[in-house]
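One structure below.
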Amino acid sequence: MSYGGTPVDQVRRRPTILEVGASLLAVVGVLSVGRVAYGVVVNLGQDQWSSGARAVFLFLNSIVLIFALFLLVLAHQVRRGRQWAWIVSMIMLPFTTLVGGLMLLLTALSGAIPFAGIAVVATSLAALLVLTLPRAVRDFFLRNPPPAPPQHQPWAAAQGQPWGPGR
């Protein structure tokens, strides 16, 4: 039996733990975006920074913002079962943890309580563990074949016609 050209037995079933990992990846992206937004608002409210230092700060935060938004795209693609997104997220999550830990340390050394830094580091570590340790997630991305392409091809010629592909 088929639906939409793909046999039912060939449809890859997403494990629930994959949904959890993709959700944690999205939370890391949202927390990072919120952290950048808060840092920019606080920076723009201060008067003791020179314009050059403020420009460098805003430039560096724009890079972090681009990576945070990319994490949201990765979370969506991991949820859809894209292997490339899973691999890229395995590369980006350790860097997110490292940069989050560095920012956590800088915030703690300045005398503030790093609630956002703790949340980013804890969530990125949890996402990394959930997307790598469970066998169901690894099997889903490493052992299952990609979904079969649709059988209906509107550009293919009808059976028995001389202008079909390969003729």
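Residues being in contact with a Pro (Cβ under 6 Å, 6 or more places away or on another chain) and under 19 Å from Val137 (Cα atoms) are represented in segment 14-30 by at least one member.
Within the group Leu69, Leu74, Leu105, Leu131, which residue is in contact (Cβ under 8 Å) with a residue 60 or more places away in the chain and assigned to a helix (DSSP H, G or I)?
On the way: Leu69 fails: in contact (Cβ under 8 Å) with a residue 60 or more places away in the chain; Leu74 fails: in contact (Cβ under 8 Å) with a residue 60 or more places away in the chain; Leu105 fails: in contact (Cβ under 8 Å) with a residue 60 or more places away in the chain.
When all the criteria are applied, what remains is Leu131.
Within segment 81-96, residues that are part of a helix (DSSP H, G or I) sit with their Cβ atoms under 8 Å from residues that are hydroxyl-bearing (Ser, Thr, Tyr) and surrounded by 14 or more Cβ atoms within 10 Å (Cβ to Cβ), at 6+ positions apart or across chains, in these pairs: Met90/Thr132; Leu93/Ser124; Thr96/Ser32; Thr96/Ser124.
Throughout, read-outs are computed from the coordinates displayed, never taken from laboratory work. Please read all numbers here as calculations on a predicted model, not as lab measurements. Here the Cβ is made from the backbone with ideal geometry for all residues, glycine too, and neighbour counts use every protein chain on show.
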